[in-house]
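> The structure's right below; bear with me while I get my questions together.
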Amino acid sequence: MASENSIRVLDPTAPQSIATDGMAERPESLAGKRVGLLRNSKLNSEPLLDAIFDVLAERFEVSIAYKADKGDASRPAEPDFLSDFSNEVDVVLLANGD
């Protein structure tokens, strides 16, 4: 037991882990892929996605950009919206602006 004059030091770090359960498989290449740009109506989310797409298009010969706005940043996208969106694209980029 610690005395009244001692200091107890706690280590808040933990080993890093990356959860991969439920994640979509990454494509081998982006060449010819339809890239979805999904923004959330926050300021600067659209210019951020456009800038990232421009770099991808320049480096990886992506096919097209399919742009959509999921709406309210504080709420998840509607399942029907996500289903429709996922049918139009091969990969998706998300942005959170401000």
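> Under 22 Å Cα-Cα from Lys33, which lysines qualify once same-chain neighbours fewer than 8 residues away are excluded?
Hits, sequence-local ones excluded: Lys67, Lys70.
> Can you classify region 34-94 as rounded, prolate or oblate using the Cα gyration tensor, where a ≥ b ≥ c are the square roots of its eigenvalues, rounded means a/c under 1.5, and otherwise it's prolate if a/b beats b/c and oblate if not?
The shape class here is oblate.
> Also: With a 10 Å cut-off between alpha carbons and a GNM built on the chain, which of Glu28, Glu46, Glu58 moves the most?
Maximum among the listed residues: Glu28.
> Could I ask something else about it? Could you give the dipole magnitude of the chain about its Cα centre, charging the beta-carbon of Lys and Arg +1 and that of Asp and Glu -1, in debye to the nearest 20?
Charge dipole, the chain, about its Cα centre: 140 debye, nearest 20.
> Evaluate the distance, in nm, between pseudo-label points positioned 7 Å from the Cα of Glu78 and of Asp21 along their respective Cα→Cβ axes.
According to this spin-label approximation, the distance is 3.1 nm.
> So, one more: Which longest run of the chain has no exposed loop site in it, a site being trypsin sites (Lys or Arg not before Pro) in a DSSP loop with at most 16 other beta carbons within 10 Å, and the site itself not part of the run?
On the way: sites that count: Arg8, Lys42.
Longest gap between qualifying sites, sites excluded: 43-98.
> While we're here: Could you give the length gained on full extension between Ala57 and Glu88, defined as 0.36 nm per residue of separation minus the Cα-Cα distance, in nm?
Extra length from Ala57 to Glu88 when fully extended: 9.4 nm.
> Okay, moving on. Of Ala57, Ala19, Ala68, which has the largest mean-square fluctuation in a 10 Å C-alpha GNM of the chain?
Result: Ala19 has the largest fluctuation of those listed.
> Another question about this same structure. Over the chain, with a Gaussian network built from C-alpha contacts below 10 Å, which listed residue (Pro12, Pro47, Pro27) shows the highest mean-square fluctuation?
Pro12
> To the nearest 10 degrees, how steeply does helix 45-60 sit against the main Cα axis of the chain, on a 0 to 90 scale?
70
> Under 5 Å between amide hydrogens, which residues at least 5 positions from Tyr66 or on another chain qualify, with H placed 1.01 Å from N in the peptide plane?
HN-HN under 5 Å from Tyr66: Val35, Gly36, Leu37.
> In degrees between 0 and 90, to the nearest 10, how far off the longest principal axis of the chain does helix 79-88 point, with axes built from Cα atoms?
It works out to around 50 degrees.
> Starting from the Cα-Cα distance between Tyr66 and Asp50, subtract it from 0.36 nm times their residue separation and give me the gain in nm to one decimal.
4.7 nm
Bear in mind these aren't lab numbers, they're just calculated from the coordinates by the rules spelled out. It should be emphasised that the depicted structure is a prediction, and the values quoted were computed from it without experimental measurement. Counting neighbours? That spans all protein chains shown, and the Cβs are built from the backbone with ideal geometry, glycine included.
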